[in-house]
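**Q** Mind having a look at this structure? Questions to follow.
The values are calculated or read from the model by the stated rules, or taken from the named source; none is laboratory data. What you see is a predicted model, and the numbers here were worked out from it, not measured in a lab. Positions of Cβ are backbone-derived with ideal geometry, glycine not excepted, and every protein chain shown enters the neighbour counts. Areas reflect the complete protein model, heavy atoms only, side chains present, ligands, DNA and RNA absent. Shrake-Rupley method; radii C 1.70, N 1.55, O 1.52, S 1.80 Å.
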Amino acid sequence: MFLIASIFLISTASKPDESPRALTLEDYLNGNFQYKTFSPYWVSGNACLTACFVQQTSFSDIKFVLGNRVFLCFSMTFICMYYHFNFPLFFSDFITENQLPHNIQYISWSPVGHKLVYVYQNNIYLKQSPRDPAFKITSDGKDNEIFNGIPDWVYEEEMLATKYALWWSPNGKYIAYVQFNDTNIPIIEYSYYGEEQYPRKITIPYPKAGAKNPTVRVFIVDTTNPEGLGPKEVPVPAMIASSDHYVTWLTWVTDNRICVQWLRRVQNFSVLAVCDFKGSSNSWDCPENQQHIEESRTGWAGGFFVSTPHFTSDSNSYYKIFSDKSGYKHIHYINGSVENAIPITSGQWEAIYIFRVTDDAVFYSSNEFEGYPGRRNIYKINLRTKPPRKQCITCNLRKERCQYYTARFSDNAKYYALICYGIMHTRIIITTNDIFVTHLFFLALWYKMLLPPEFDRSKKYPLLIQVYGGPCSQDVRLTFSVSWITYLVSKEGIIAVVVDGRGTAFQGDKMLYAVYRRLGLYEVEDQISAVKKFIEMGFVDEKRIAIWGWSYGGYVTSLALGSGSGVFKCGIAVAPVSSWEYYGMETFNKHCLGKQDILFNDFLHENSTVMVRAKNFQNVEYLLIHGTADDNVHFQNSAQIAKALVDAQVDFQAMWYTDQNHAIPGLSRKHLYTHMTHFIKQCFSLLE
């Protein structure tokens, strides 16, 4: 194993006319050094929203909807109140005819014309224009049971990662939508205490490991005659329909062709089905010769998600990112079958995302440049040259200030907004760009180390490891950020380190899939092994080492503290998973199971469950934190850890945040970081 490092020297924070000072906790909590970014929404080939117009455009056809968030449903979904008005704003009146209902769950304009679709009370409604009455496309929607056009909890959090599940065809003739049936899904219940005399009970369909899946169906409705024709179901491929399965994404190719991606419950087998509208039967047909299989024999299919296709103008061939024969994610060109896919990129690095495909070029991002997995640069492949020629657009564009880019391309890729996330030289962080390689078994681990001001290698410093470590994550990135650990380094003189261990992304399948069916093993081993290497560097006080993490990071933290390694003096776990038995079945199925009918096996129980390590917490200081209204990692996880620690007679600290979700936002977050600061300073004997 190798350790590869980016070293950051933390300098003091100051305004140009002030003497330097340390970054304070209040600076971080008040967002004094937060950056603002710009992410435009392109509405055409030459105009985008967010007060950005590339060139003079006629505004007569632009329509607006205003929304106000009023209630959080899941982690991304808000119920909103919307109002119509005509553009331009200064000369407009609110549209009063056939007004929209309050508490709409999702709303979307057609890409062409003035049609409007929205979801209300789990049903889909269509307006031919803002002033027209709404037509009810579905009528079987039911709270917590039938979801039309919006995802249930599982799909919002783990599969689609969006607040919508409906898609307009390119010219707005059709709407495709997914229906989720959670009727037989087990319910998670928790109390929301609020201000009333009696708590309110919150119920969410939440399939845990081994539980029944939501059933999904894909429908398409013709918006030119929704009443006469009605929704038409898209058939599920036979090789998928025979077992539990998911829908992972829909991509319109033309108004009469759609691509639907399906995934088996054991998520190593995906089918991309291209379906065509058959006018003679008024149905959608997905023939077998248009069904493309993507299968992994070493892990799960794809990365965090199965990648989506980017079709060419011939409406048949497409570009897609998946693993090549060397085990790295790369762009492939598919025209006929995946088996005969042509690699477009190659090497011991990974293509990250395809931005746009035109007749002339493919625009994408990768971490190829100079061999840094944590960089992102924008590339263009010229398809008109023989062979196609690759050009890096950003590699040497202000390289000293930015090494992590993304972009937002206009529809025709004539324009793009370039967005930089770092590295930026500021009065807070000064980057030395020193890279170190140290031998540790057989692997190369990238890490980012933050050193305090006036760092002296002859002195001993306390060390804090910040960990997430979840499958397909990446924390060691060359981006600018000011966080809690930035304050601890700048003000309290602590060294902070982030390590990307096995299971993290963008370094090849061997690294990524190492944790397949082995969650909680290598992630913990790599953090402990890295700490031992840091101790060998000579400037780490081996008696003052701590670890902390949130969510999956809280899980890794807890396992590391319970490992009995003797490396850590203390640690903090925020909203940790404690057993995969208690978490969502999507993650369990993807990373844990080898066979669909296995609920829990001996390896998982003995090696990946925090509670079985309770006695090992006798020799560490442990702070356990959780929100009681966490709909993602349920409070049950921390309750079980606490119970096991009490049964083992372990003295520990705990903090519960009443009615707070997984993010623990607002004033609770300020209280959380203040409390964690006190705990770490006490652990490191830094209290005045």
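**Q** Determine if segment 136-143 includes at least one residue that is open to solvent by 10 Å² or more (accessible area, probe 1.4 Å) and outside any loop (DSSP other than H, G, I, E, B).
**A** Within segment 136-143, one or more residues are open to solvent by 10 Å² or more (accessible area, probe 1.4 Å) and outside any loop (DSSP other than H, G, I, E, B).
**Q** Anything in segment 422-481 that is open to solvent by 40 Å² or more (accessible area, probe 1.4 Å), within 21 Å of Asn396 (Cα to Cα) and modelled with pLDDT of 90 or more? List them, or say none.
**A** Selection gives Arg477 alone.
**Q** Something else about it: Test of understanding: among Gly149, Gly141, Gly172, which residue is in contact with a strand residue (DSSP E or B) (Cβ under 8 Å, 6 or more places away or on another chain) and on the phi > 0 side of the Ramachandran plot?
**A** The unique qualifying residue is Gly149.
**Q** Of all residues being buried (at least 20 other Cβ atoms within 10 Å of the Cβ) and either free of Cβ contacts under 8 Å to residues at least 12 places away in the same chain or among the small types (Gly, Ala, Ser) (or both) in segment 506-524, which is farthest from Gly470 (Cα to Cα)? Just the residue, please.
**A** Ala514
**Q** Identify the residue in segment 403-421 that is under 12 Å from Ala47 (Cα atoms) and hydroxyl-bearing (Ser, Thr, Tyr) and, among all such residues, is least open to solvent (accessible area, probe 1.4 Å).
**A** It comes out as Ser410.
**Q** Could you tell me which of the residues Arg389, Arg375 is open to solvent by less than 20 Å² (accessible area, probe 1.4 Å) and among the basic types (Lys, Arg)?
**A** On inspection, the qualifying residue turns out to be Arg375.
**Q** Hey, another quick one. Being free of Cβ contacts under 8 Å to residues at least 40 places away in the same chain and more than 30 Å from the chain's Cα centre (by Cα) narrows it down to one residue among Gln660, Gln649; which is it?
**A** Gln649 is the lone residue from the list that is free of Cβ contacts under 8 Å to residues at least 40 places away in the same chain and more than 30 Å from the chain's Cα centre (by Cα).
**Q** Applying the selection to segment 148-178, what residues are touching a Gly at 6+ places or on another chain (Cβ under 8 Å), touching a residue at least 24 places away in the same chain (Cβ under 8 Å) and not aromatic (Phe, Trp, Tyr)?
**A** If the condition is that a residue be touching a Gly at 6+ places or on another chain (Cβ under 8 Å), touching a residue at least 24 places away in the same chain (Cβ under 8 Å) and not aromatic (Phe, Trp, Tyr), then Asn148, Val154, Glu157, Glu158, Leu166, Gly172, Val178 are the ones that fit.
**Q** Here is a further query. Please give the number of the condition Ile547 fails out of (1) of a type outside the set (Asp, Glu); (2) in contact with an Asp or Glu (Cβ under 8 Å, 6 or more places away or on another chain); (3) crowded, with 20+ Cβ neighbours inside 10 Å.
**A** Condition (2) is where Ile547 drops out.
**Q** Shifting gears a bit: If we keep just the residues of segment 354-372 that are in a loop (DSSP other than H, G, I, E, B) and open to solvent by less than 70 Å² (accessible area, probe 1.4 Å), which is modelled with the lowest pLDDT?
**A** Tyr372
**Q** Next question. Please return the ranges of strands (runs of 3 or more DSSP E) entirely within segment 198-271 where 2 or more residues are at pLDDT 95 or above, of a type outside the set (Val, Ile, Thr) and open to solvent by less than 50 Å² (accessible area, probe 1.4 Å).
**A** Result: 215-222, 245-254, 257-264.
**Q** Shifting gears a bit: Could you tell me how many of the residues in segment 313-341 are open to solvent by less than 30 Å² (accessible area, probe 1.4 Å), among the hydroxyl-bearing types (Ser, Thr, Tyr) and within 27 Å of the chain's Cα centre (by Cα)?
**A** 2
**Q** Further, regarding this structure: Which of the numbered conditions does Asn382 fail, given that it passes all the others? Conditions: (1) farther than 23 Å from Trp252 by Cα; (2) in contact with a strand residue (DSSP E or B) (Cβ under 7 Å, 6 or more places away or on another chain); (3) buried (at least 18 other Cβ atoms within 10 Å of the Cβ).
**A** Among (1) farther than 23 Å from Trp252 by Cα; (2) in contact with a strand residue (DSSP E or B) (Cβ under 7 Å, 6 or more places away or on another chain); (3) buried (at least 18 other Cβ atoms within 10 Å of the Cβ), the lone unmet condition for Asn382 is (3).
**Q** Could you please find all residues in segment 110-132 being modelled with pLDDT of 95 or more and not in a strand (DSSP E or B)?
**A** Passing the criteria: Gln121, Asn122.
**Q** For segment 165-184, what are the residues that are buried (at least 23 other Cβ atoms within 10 Å of the Cβ) and either touching a helix residue (DSSP H, G or I) at 6+ places or on another chain (Cβ under 6 Å) or of a type in the set (A, V, I, L, M, F, W, C) (or both)?
**A** Ala165, Ile175, Ala176, Val178, Phe180
**Q** Still on this structure, I have one more. Scan segment 472-502 residue by residue and report those that are part of a loop (DSSP other than H, G, I, E, B) and closer than 26 Å to Ile419 by Cα.
**A** Those that are part of a loop (DSSP other than H, G, I, E, B) and closer than 26 Å to Ile419 by Cα: Cys472, Ser473, Gln474, Asp475, Val476, Arg477, Leu478, Thr479, Phe480, Ser481, Val482, Ser483.
**Q** Can you tell me how many residues in segment 333-380 are touching a residue at least 40 places away in the same chain (Cβ under 8 Å) and among the small types (Gly, Ala, Ser)?
**A** Of the residues in that region, 4 qualify.
**Q** Now a separate question. In segment 145-164, what residues are out of contact with any Phe, Trp or Tyr (no Cβ under 6 Å at 6 or more places or on another chain), open to solvent by less than 30 Å² (accessible area, probe 1.4 Å) and in a loop (DSSP other than H, G, I, E, B)?
**A** Matches in segment 145-164: Pro151, Leu160, Thr162.
**Q** Also: Limited to segment 109-139, what total is found for residues that are farther than 28 Å from Asp411 by Cα and either hydrophobic (A, V, I, L, M, F, W, C) or without any contact (Cβ under 8 Å) to a residue 24 or more places away in the chain (or both)?
**A** Of the residues in segment 109-139, 7 are farther than 28 Å from Asp411 by Cα and either hydrophobic (A, V, I, L, M, F, W, C) or without any contact (Cβ under 8 Å) to a residue 24 or more places away in the chain (or both).
**Q** Oh, and also: Using the structure shown, decide if Glu400 is open to solvent by 30 Å² or more (accessible area, probe 1.4 Å) and at pLDDT 90 or above.
**A** no
**Q** Go through the residues of segment 630-652 one by one and say whether even a single one is open to solvent by 20 Å² or more (accessible area, probe 1.4 Å) and within 20 Å of Leu29 (Cα to Cα).
**A** No, the conditions are met nowhere in segment 630-652.
**Q** Out of the residues in segment 85-96 that are part of a loop (DSSP other than H, G, I, E, B) and open to solvent by 80 Å² or more (accessible area, probe 1.4 Å), state the one that is modelled with the lowest pLDDT.
**A** Asp93
**Q** Is it true that Ala351 is under 20 Å from the mean Cα position of the chain (by Cα) and open to solvent by less than 50 Å² (accessible area, probe 1.4 Å)?
**A** The answer is yes for Ala351.
**Q** Pairs only if they're at least six apart or on different chains, beta carbon under 9 angstrom, first in segment 303-314 and of a type in the set (A, V, I, L, M), second surrounded by fewer than 16 Cβ atoms within 10 Å (Cβ to Cβ); list them, first residue then second.
**A** So the pair list comes out empty.
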